[in-house]
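Structure record follows, encoded as structure tokens.
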Amino acid sequence: MSRLKQNQLIFLFLLLFASCVNKSPEKDLQSSDQYTGSSSCIECHERFYKLWAPSHHGKAMQPITAGFIENEVTIGHPPIEMEGAAYEAIVKDTSLFIRETKDGVNTEFSVLWALGGKNVYYFLTPWEGGRLQTLPLAYDVNTKQWYNNPESAVRHFPHMEAQAMQDEALSWRDRQYTFNTSCYSCHVSQLENNFNLASNSYQTNWKEAGINCETCHGPAQEHIKAARLAKEKGVELDSIKLVVTSTFTPEQHNASCAGCHAKMTAITSSYFPGDRFFDNFDLATLDNNDFYPDGRDLGENYTMTGWYMNPCLQKSDLNCVTCHTSSGRYRFKSDNLVEANKACTSCHEEKEADYEVHTHHPINQNSPKCIDCHMPMTRFGNMVRSDHSFRPPMPAASIKFASPNACTICHSDKTDQWANQNVTSWKKHDYQKETLYFGSLIADARKESWGRLGEMLNVIQTNQYGEIVTTSLIRLLTNCTDTKKWPVLIDVLKHDSPLSRSAAARGLIGNQSNEAKEALFRAAKDDYRLVRLAAAQSLAVFSPQEFTAEQISIFKQVNREYEESMITRPDDWSAHYNLGNHFQNMGMMDKALESFENSLKVYPDAVLPLVNSSFLLSISGDQAKAASYLEKALAAEPTNEAANLNYGLLMAEMNQLAKAETALRKVLEVNDKNATAAYNLSIIVSSRDLSEACQFSKQAMIAAPADPKFAYTYAYFLNQNKKQSEAIKVLEVTLKENPDHLATIFLLGNIYLESGNKGKVIDLYQKSINRLPGNDQGRYQLQSEIERIKLL
């Protein structure tokens, strides 16, 4: 039993890909002095300028002025309490302040800038290190009320209590509410972030507040020169020297908008209009809990993921500017039903002719528009957003996943069951069936329930529900240990979608077979940067000694591209964290630890780099410092699964078993399917309670049935607990699936021998020898045991 502890009570390293969800250009591809500002466009494009200037794009960020205070907000609200203090907006002279009252002391934060304005205004105040911090009070434009901004951002995850997934508000002083770090690049133009890692400070500047003309058309200096010269000469402008968006493909139009209207991760330092989206960004999919399993928005997802699920997008040239102007206005806004519905009936003429049949609503002043049912409005953080997947109402999905549907959004006095009875009686075919099916697979995969793995792999391989569902399932397979996934992921590298190919390439990390290696080298030459970067991550696990000279050259190139991608955002803690993971996979432990330390320098309370740093410190022999890092992580997130697991394992290594047991039990409270925690708990408690050891080892076996180690351990404790017949059943079943697992063979043989059945032992060992053709040492051990038993 002591050998079992020594060999199997291991320290687990969790490889997780953390990502920031905001756009992150540092500097455009052109020199900043070539940008002239939107006012330079008035000379020739006055009409467009007047359309742009008052738009939400033009006013995405604006300074606080006397006019803003008078026209945009109301003053005199009751104080709002949060974080042990009270906050209220006040005006002094022509300046706006947010006053904090705590323990009788007033602190006034000056408001310099306002962000947004369509639904909400957020407010910025100067902060240490050149930062601008988002203040705790925001203003709801629709209700004209001030409100608690951090509290409004809390997500309410349905059916997640057991996984401790319930959200809580961040402190408004948290780095994630720092303007320079987060959503700045979608509110100002031609930004230069100018972050200094050494001093952890900014000298951020930008050309113009708001999203200006040059954001989509590129730098205008040469265009203005050429236009003026042509005018002086009285000739036509032969070269416009500007990005002409009217010639964009639908993909280019979508990419131009997606930089801000997507929940994504930037992989380059800048996006230039006309570039491909997946050369510059990765996209969040339904593995992210900010989506319901059916793909509806739960948290704030900025449109694009749902848009990629849109059947109209997949079957036509539909793109963002089909329905929206470049300044963000909706082209079909109208109180007239016929005019408003032209957004859809310009293609779907038959629906206009059969409006009442199609909608099951009469034509009157309250008639729903197409978008009311196919793009229902929901709210999060006091922001109103519409579903861009264009799917019809699906109340059956609401019943199953608690997601919103258009029927009960409008008919708020009715139930989802009522809505479902109606839509199922109206439609001959079950149009909700596919969404219910893939949503249930997503839900199972989120819970790491792999009983339907075959179905998941079939959906991935056939791509029958599109790239978002395919990619979501691939990403969720990260924690699935079943090797059946490998050939499917290799096959996905041939799919058309760069998003799915990148997920498959990253999903192959840890598969060091020759087939995976060859497939990853093909991916390393992919036309899309996103796929190449994913291939670089997975290839980093291989030893360079396994590569040919040509492969070494390819790996050096994509590895350099990956490392450059990670350092384009030096103020993003997750970029340093992911780079640390990459260095660790390459065996470069010093550089990995340095990257994790840089991550913590940027964001001291980030849990993942604390956990991974502790792992490196532990294997280097500094267990005390490793423990201190994990304790800091647990202080920040007491229920964090990775921190508790690693702390429990480290404490067990240091023979502090009481602390180990407490931490590992916490893991199982958070995730009762964590096989490693259950397995190690079974070992810790076995010296005092064999029944509980059986319970935990069985829990590990059920959580990870593909790993024979857990079944072996369960059988071991059953045998120790005088339950030999149960132990034999477990071992025999295990050997059917894993006939070459020596520990199981020998334990089963020992139990047979203890019961006096020498013949059965010899028969087992002889059959097992034939199942170990490549294991000479194992065959020798079994043959030696046979000879020994014959002499008994």
When you look at Gly454, is it assigned to a helix (DSSP H, G or I), over 21 Å from His358 (Cα atoms) and open to solvent by 10 Å² or more (accessible area, probe 1.4 Å), yes or no?
yes
Take Glu46 and tell me if it is over 30 Å from Lys241 (Cα atoms) and either of a type in the set (Asp, Glu) or surrounded by 14 or more Cβ atoms within 10 Å (Cβ to Cβ) (or both).
no
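Results for (1) under 21 Å from Ala85 (Cα atoms); (2) open to solvent by 60 Å² or more (accessible area, probe 1.4 Å); (3) of a type in the set (Lys, Arg); (4) at pLDDT below 95, shown as yes or no for each residue.
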| site | (1), (2), (3), (4) |
| --- | --- |
| Arg131 | no, no, yes, no |
| Thr134 | yes, no, no, no |
| Trp146 | yes, no, no, no |
| Trp172 | yes, no, no, no |
| Ser182 | no, no, no, yes |
| Asn193 | no, no, no, yes |
Please enumerate the residues belonging to the range 477-494 that are at pLDDT 95 or above and either open to solvent by less than 70 Å² (accessible area, probe 1.4 Å) or assigned to a loop (DSSP other than H, G, I, E, B) (or both).
Leu477, Lys484, Lys485, Trp486, Val488, Leu489, Ile490, Asp491, Val492, Leu493, Lys494
Spans of helices (runs of 4 or more DSSP H) in the range 316-374 with at least 2 residues open to solvent by less than 40 Å² (accessible area, probe 1.4 Å), closer than 29 Å to Gly116 by Cβ and in contact with a Phe, Trp or Tyr (Cβ under 7 Å, 6 or more places away or on another chain):
337-345
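Name the one entry in Ala693, Ala715, Ala658, Ala703 that is farther than 25 Å from Pro609 by Cα and at pLDDT below 95.
Ala703
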Could you list, ordered by first residue, the pairs with Cβ atoms under 7 Å in which the first is in the range 219-230 and within 14 Å of Ile42 (Cα to Cα) and the second is open to solvent by 80 Å² or more (accessible area, probe 1.4 Å), at least 6 apart or interchain?
His223/Lys241; Ala227/Cys44
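Name the helices (runs of 4 or more DSSP H) wholly within the range 718-792 that hold at least 1 residues that are exposed (fewer than 15 other Cβ atoms within 10 Å of the Cβ) and under 42 Å from the mean Cα position of the chain (by Cα)? Full working, then the answer.
Details: elements: 724-737, 742-754, 758-770, 776-790.
Ranges flagged: 724-737.
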Is it fair to say Val541 is surrounded by fewer than 24 Cβ atoms within 10 Å (Cβ to Cβ) and in contact with a Gly (Cβ under 7 Å, 6 or more places away or on another chain)?
yes
Tell me whether the range 688-708 contains one or more residues that are within 28 Å of Leu742 (Cβ to Cβ), surrounded by fewer than 22 Cβ atoms within 10 Å (Cβ to Cβ) and of a type in the set (Val, Ile, Thr).
yes
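Any chance the range 495-504 includes a residue that's in a helix (DSSP H, G or I) and surrounded by fewer than 19 Cβ atoms within 10 Å (Cβ to Cβ)? So that I can check it myself, show each step before the final result.
Restricting attention to the range 495-504, the residues satisfying the condition of being in a helix (DSSP H, G or I) are 498-504.
Retained after the next criterion (residues that are surrounded by fewer than 19 Cβ atoms within 10 Å (Cβ to Cβ)): none.
Within the range 495-504, not a single residue is in a helix (DSSP H, G or I) and surrounded by fewer than 19 Cβ atoms within 10 Å (Cβ to Cβ).
Applying the selection to the range 432-449, what residues are part of a loop (DSSP other than H, G, I, E, B) and modelled with pLDDT of 95 or more? Spell out the reasoning first.
The first filter runs over the range 432-449 and keeps only residues part of a loop (DSSP other than H, G, I, E, B), leaving 432, 447-449.
Gln432 - this is the single residue of the range 432-449 that is part of a loop (DSSP other than H, G, I, E, B) and modelled with pLDDT of 95 or more.
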Please go through (1) free of Cβ contacts under 8 Å to residues at least 40 places away in the same chain; (2) aliphatic (A, V, I, L, M); (3) surrounded by 22 or more Cβ atoms within 10 Å (Cβ to Cβ) for Val602 and return the number of the only condition it doesn't satisfy.
(1)
Residues being assigned to a loop (DSSP other than H, G, I, E, B) and buried (at least 22 other Cβ atoms within 10 Å of the Cβ): count how many of those fall in the range 630-670.
1
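The values are calculated or read from the model by the stated rules, or taken from the named source; none is laboratory data. Because the structure is predicted, anything quoted here is derived from the model rather than measured. Positions of Cβ are backbone-derived with ideal geometry, glycine not excepted, and every protein chain shown enters the neighbour counts. For accessibility, only protein heavy atoms count, side chains too; no ligands or nucleic acids. Shrake-Rupley method; radii C 1.70, N 1.55, O 1.52, S 1.80 Å.
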